[in-house]
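Working notes, structure below.
Just so you know, all these numbers are worked out from the coordinates, no wet-lab data involved. Please read all numbers here as calculations on a predicted model, not as lab measurements. Glycine gets a Cβ as well: all are built from the backbone with ideal geometry, and neighbour counts include every protein chain shown.
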Amino acid sequence: MPMPSPRRIRLRWRIAVAASLVTGLLLLSAGVAGAQAFPPEAVSEEGSDIRNLYLLVFFLAAAVFVVVEAGIIWLAIKYRRRDDSLPPQIHGHRGVEVLWTVIPSIIVLVLFIVSFVVLDHIESAPSKYEPVEVIDVTAQQWAWSFYYATPMDATTRARISDDPADVRLRVSDGTLFEPFKTYRIDVEHIRVDSIEGNTLMVARGVNGTVVQDHPAGEEILRITNGTEVSQDDRGELTDSIDPSSGAVTTMNTPIVTVPVGKTVRFNISSLDVIHSFYAPQFLYKLDAMPGRTQALWLKVTDAGFFQGQCAEFCGREHARMLFSVRALPLDEYDAWLAALVAPPPPAEEAAPADDAGEAAPEDDAADDAGAAEIGAETDPAAEPGTSRYGGPPAPAGLPTQPAGWTAPRAGAL
Amino acid sequence: MATLAGTVPTGYAGGRAQVLLDWLTTVDHKKIGIMYVVAAGVFGLVGGALSLVVRTELIETGAIMGADTYNQMFTMHASIMLFLFIMPVATGFANYVVPLQIGALDMAFPRINALSLWIFLFGGILMLSAFAFDGGAAAAGWTAYPPISSNTAGNIQPAGVGMDLWLVGVIALGVASTAGGLNFLVTIFKMRAPGMTMFRMPMFTWTVLVTAFLVVLATPVLASALILLFADRNGAGGVFFDPATGGQSILWQNLFWFYSHPAVYIMILPPMGIVSEVLPVFSRKPLFGYRAFVMATVGIGLLSFIVWAHHMFTTGGVFLPFFMASTFLIGIPTGVKMFNWMATMHKGSLHFNTAMLFAVGFVMLFLIGGITGVFHAAVPVDFALHDTYFVVGHLHYVLATGAAFGIFAASYFWFPKMFGRFLNEGLGKIHFWSMFIGTNMIFWPQLMLGLDGMPRRINDYADNPGWELMNQIATVGAFVAMVGAVIFLFNVVHSIYWGEKCEEDNPWDAGTLEWATTSPPPVYNFDRLPRVRSERPVFDERHGLGAYASSEGESPPQTSS
Amino acid sequence: MASRTAARQPVNPLKSFFVGNEPMTNGLWGMVFFIFSEIMFFSGLIAAYLALREDALEWAPLIEGVYDHHAILEAEFRPVFFTILLVASSIPMQLAAFAIRKGNRGGMKLGMLVVMVIGTAFLLNQAVEWMHADFAIGDGPYSATFYLLTGFHGAHVLGGLLFIAFLWMRSYLGHFDAHRNTAVEAATMYWHFVGAVWILVFSLLFLA
């Protein structure tokens, strides 16, 4: 081998430096990434499914990444220009082109099938007869409210507006209703037109719909005095920021308590803009869309305390729209819920309980003018169970409902 | 060649005012192209500066600036980078290069071309002018999801004209790019030189053609959505998009993404075309699998119209299996392109000047953007990663290291053609390495942060282990990359006046028709055209390949108008 | 300019009807692509209309007894009449194009005049329609889509009229003959498009 010229040696040095820069950078990134190349360990069945799918995608992607990047670096070094001769003018090769069309197609097909199976599995609602814990998640700027209801019971929570234009009734559990049946509610008769999530489309004699009274005794739901929904630990956002350091603390964020080992249906909705219900350890999120209620099914497998946060940009305090998940073993959860839904102290609180709990009197007035609230909310101030489990005691005067609650209005006025 | 170089008008008798007037009133596609690129570059610097503000805010936990300010910063960073930097800068290069590449005298509609430029400038300035008004610029994210964006009362987002100016600005930009798209379609279909069949068109022209189709068919849908949103904010009271008044917020998302997913390809296809020009030239080989590459480009264009809802997997309002399947399909033509680029380098004679470095950097880093896209295509994984920093990392690997690297490659590649001087190679290398290192420092940590659950668009984050460090690495990386951008800016300004002169028509030994004329070309573009018998007529002619193997020197008649 | 001697080319009856037998000029291609983009624009508006309507429990009338398209349609022939008129005005427009292909500038001007009269009458009727409609744009999705669809269609009619009026005036300067008539052909295409869109908008708003 002849002695290389100084120019060539310099070139080799440069190539070596450049190549090691690139490789080093990639290796460094990969090394750092090694610590955090994976999402957190899942604490729910669905999350585990998703994490397993992630691992499959990740290892396929990593293989492609390593092969292709190494290939490019190899090509760049091996075929760097050495002289001015014209390299072979290759325009293509049918065989390899077919090969590298087919291989990605197969990878993509496999990924699609596996993803589809996982998707189908996590999205399918559990059997109708499987016991389900129903938790209403209501997002608003910038807070979370969590309501608990006892499912598959002949009682439920409902609010109905008196506004003649408003023909939607919001209930915790739409599965109790069937379309085109008439139900009797204390205030009036309604006919269920359709069910979207847990929002009932009901006709109430507006726009010429004739309301038929249903035969007494059948299909009648007493909606008043429903077992309750309640609200848990709704924290104000300002409480969650340490004023001295500005650091966000999770201690005062609203907490949603879930049972371990029992399927939970989160009924997710929003009162104003789009939010997203996201706890990283669930590896799952669903947007809270205004005007709609959507279900997210989860079976939590690990007890513990997890962070959650709004994931869809929702305005000024988006960064501070946090919540926590408290997963309790089933028996502890039942005890906690029983304590939560225990009837409020009797006597004078019964009637004005709603009003006492409302945060904004003017909104309340507006609501009351337009809405007959069916179902008394439990006053959280009287809630006995919260502090036992490490959550902060609910501050006095917390609203039972988010301020300014209005029923989603129908498309047409 | 360059027989008429002496007659190219190089100076202006009328002095500076005359020069200025000449540029302001020009309908020459080359001048318009340069103005597009320069204007977009200035906008890009503004957008880059805003990204530094964003990164500075995130350097530690705790808010430094108000959330309203921060929201304006990331909203305008994205809006500027997408609408005012990447798209117009690609349009600018296309304006300059495409008529040359197909051997045309100018665009099909030169006056509409000039109109597009001025509407674009008007829209951009309108959008940015919001900073001067009370309430500041738009702060609803570049996606402008209602009900945040449709709210004018001030109870949901800061009241002000910023959002309205944003809407009107984007409508203006949409009009400009639609008019530009029409112009490119007619130009490419009708103005090609004799012999320039569709399958002999340079790859950049092909990508511009597909892009123009996407622009013409998708942008009007965005315009309709913007108009509805504008109506919502000014008179209609939210009946379209605000559920509180009977609208549907998801309707906006459908209309918006019906445009904005094709828009991703509007932004990435021309840089892909640029890389497909640069890689073969500096490998001294033809593009491997030209036809497959064309098919892949057309395929991506077609698929882009049926994947829009993959931005909405977590909204609960999407038929998931269909959009998952169509999104996965995008991976196939993209994979074909990756392999074709690699095969082009294979057995080549690679010369690593700055243009080539950026092109190879594009291939290396766009790969990451493509792979991370597959994670999002798998819907269940997207449930975990959507709206986290993983998305931010993914889209920046596609756009900031993909599209922008392609644009830088184009700058180094075509600069001598545009100005008759080379960009400085030494500064170019520094530019490349600071960009390569800086962008990876920004976006790798963002992928990891996203996996760990950090949501995007937050101005403050929880003090989770590792988050602060990752964000600090990203912030430092942003400044490293910005240093590169400033070096590039200096390089451009310096080289226009004092750069090394390019005396040749074809300094890179390239193959496409823009290298068959002088650098810079005369107003009328060509004195003569080589015979076009492949996608590399100039290369064929110089090396006696293809049609020139036996009939070198033959000069077919110049194209007629 | 492309060759004008197209004698031996196979004749496509549809193409020869709309744009003649000569090769399509750049301007005509531009108009074709422009119409594509316009179709997409109206698709966006109509998609919004359909989505909102699909979601709404009650669509029209917004407020009972205020404005009912079906009732109006039963009581009056006016909306149907103007619909037929606008769609039929494609005929004189196409005749104008035929005339100028033969170099008959007078015939072209006559056709354009008829179109301008019909178009103006149509716009006046739309104004009447808007005055009839006793609701504001913000009353609900129904009213908002009504104003936007009719408004944007009206704006396109107006644009077409201005385009045709401009060509009409240019013809007095001696513009257009049997070979230089791209603008007239383009205006004709555009006018057909405006009529077709109205059929769709009318069907959605009044019939569906």
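What does the structure give for A:70-79 when I average, per residue, the other chain Cβ atoms found within 10 Å of the residue Cβ? All intermediate terms of the calculation are to be shown ahead of the outcome.
On the way: counts 0, 5, 9, 2, 3, 12, 8, 1, 5, 8.
Mean shielding by partner chains, rounded to a whole number: 5.
Long-range amide H contacts for A:Thr257: which residues qualify at under 5 Å (H placed 1.01 Å from N, peptide plane, sequence gap of 5 or more or a different chain)?
A:Arg326
Using mean Cβ contacts within 10 Å as the protection proxy, how do B:491-500, B:431-440 order, highest first? Mind showing how you got there, number by number?
Numbers: B:491-500: 14.9, B:431-440: 23.3.
Highest-to-lowest ranking by the protection proxy: B:431-440, B:491-500.
Using modelled amide H (1.01 Å from N, peptide plane; none on Pro or chain starts), what sits under 5 Å from the amide H of A:Asp136, excluding residues fewer than 5 places away?
Amide H to amide H, under 5 Å and 5 or more residues apart or across chains, A:Asp136 pairs with A:Tyr147, A:Tyr148, A:Ala149, A:Asn267.
Can you give the convex hull volume per residue for the Cα atoms of the stretch B:417-509, as a whole number of Å³?
Numbers: hull volume 11.1 nm³, N = 93.
Given the Cα convex hull of the stretch B:417-509, per-residue volume reads 119 Å³.
Per DSSP H run of at least 4 residues, take -39500 (n - 2.57); add these up for chain C, divide by its residues and hand me the 222 nm value, nearest 500 deg cm²/dmol.
Roughly -24000 deg cm²/dmol at 222 nm, from the helical runs in chain C.
Counting helices only, and only those DSSP H runs with n ≥ 4, report the 222 nm mean residue ellipticity of chain B as the sum of -39,500 (n - 2.57) divided by its residues, in deg cm²/dmol to the nearest 500.
That comes out to -21000 deg cm²/dmol.
Report the one residue of B:Tyr389, B:Phe366, B:Phe74 whose Cα lies farthest in the direction of the positive end of the charge dipole of chain B (charges on C-beta: Lys and Arg +1, Asp and Glu -1; origin at the Cα centre).
B:Phe366
Can you tell me the orientation of helix B:389-398 relative to chain B, as the angle in degrees between its alpha-carbon axis and the longest Cα principal axis, to the nearest 10?
10
Dipole of chain B (Lys/Arg Cβ +1, Asp/Glu Cβ -1, origin at the Cα centre): which of B:His376, B:Asn151, B:Val175 lies farthest to the positive side?
Of B:His376, B:Asn151, B:Val175, it is B:Val175.
So which lysines pass the test for B:Lys31, namely a Cα distance under 16 Å, with those fewer than 8 places away in the same chain ruled out?
B:Lys417
Could you give each residue of the stretch B:24-41 its phi-based ³J(HN,Hα) in whole Hz, using Karplus coefficients 6.51, -1.76, 1.60 with θ = phi - 60°, and x for Gly or Pro?
Listing the rounded values in order: 5, 10, 6, 10, 6, 4, 6, 5, 4, x, 5, 5, 4, 5, 5, 4, 5, x Hz.
For the ranges B:272-281, B:215-224, what's the packing order if you count other beta-carbon atoms within 10 Å of each residue, average per peptide, and put the highest first? Provide the component values of the computation, followed by the final result.
Working: B:272-281: 28.1, B:215-224: 25.9.
Most protected by this proxy first, the peptides run B:272-281, B:215-224.
Compare the peptides B:18-25, B:355-362 by average per-residue count of other Cβ atoms within 10 angstrom and give them in order, highest first. It would help to have the intermediate numbers written out before the result.
Values: B:18-25: 11.6, B:355-362: 27.9.
Answer by packing, highest mean first, reads B:355-362, B:18-25.
In degrees between 0 and 90, to the nearest 10, how far off the longest principal axis of chain B does helix B:404-419 point, with axes built from Cα atoms?
30
For A:Lys78, which lysines qualify as cross-link partners when the Cα separation must be under 20 Å and same-chain residues fewer than eight apart are set aside?
Within the straight-line limit of under 20 Å, A:Lys78 reaches these lysines: B:Lys285, B:Lys347.
Principal axes first, then extents: for the Cα atoms of chain C, list largest minus smallest coordinate on each axis, whole Å, largest first.
Between the extreme Cα coordinates on each principal axis of chain C lie 63, 29, 25 Å.
How crowded by other chains is A:93-106, given as the mean number of beta carbons from other chains within 10 Å of each beta carbon? Let's see the in-between values first.
On the way: counts 3, 2, 0, 6, 9, 1, 1, 10, 9, 1, 3, 9, 6, 1.
Other-chain Cβ atoms within 10 Å of each residue's Cβ, averaged: 4.
Under 29 Å Cα-Cα from C:Lys102, which lysines qualify once same-chain neighbours fewer than 8 residues away are excluded?
The qualifying lysines are B:Lys190, C:Lys15.
If R₀ is 51 angstrom, what is the calculated FRET efficiency for the pair C:Ser203 and A:His91, using the beta carbon separation as r and rounding to 0.05? Please list the in-between numbers first.
Details: r = 53 Å, r/R0 = 1.04.
About 0.45, to the nearest 0.05.
Given chain B, what whole percent of its Cα pairs are spread farther than 36 Å?
Details: 50136 of 157080 pairs.
Counting every Cα pair in chain B, those more than 36 Å apart make up 32 percent.
If each of B:Leu52 and A:Glu332 carries a label point 7 Å out from its Cα toward its Cβ, how far apart are those two points in nm?
Placing both labels 7 Å beyond Cα along the Cβ direction yields 5.1 nm.
Residues in the stretch B:350-388, backbone N under 18 Å from the label point at A:Arg7 (7 Å along the Cα-to-beta-carbon vector): list them, ranges by number please.
Counting only backbone N, you get B:350-354.
What is the spin-label model distance, in nm, from B:Phe490 to B:Asn234 if the labels are put 7 Å beyond Cα along the C-beta direction?
4.5
With charges only on Cβ, +1 for K and R and -1 for D and E, what is the dipole size of chain B about its Cα centre, in debye, rounded to 20?
Details: 25 positive and 30 negative charges, 259 e Å.
That gives a dipole near 1240 debye.
Enter the mean number of other protein chain beta carbons within 10 Å of the beta carbon of each residue in B:461-469, as an integer.
Mean partner shielding for this stretch: 3.
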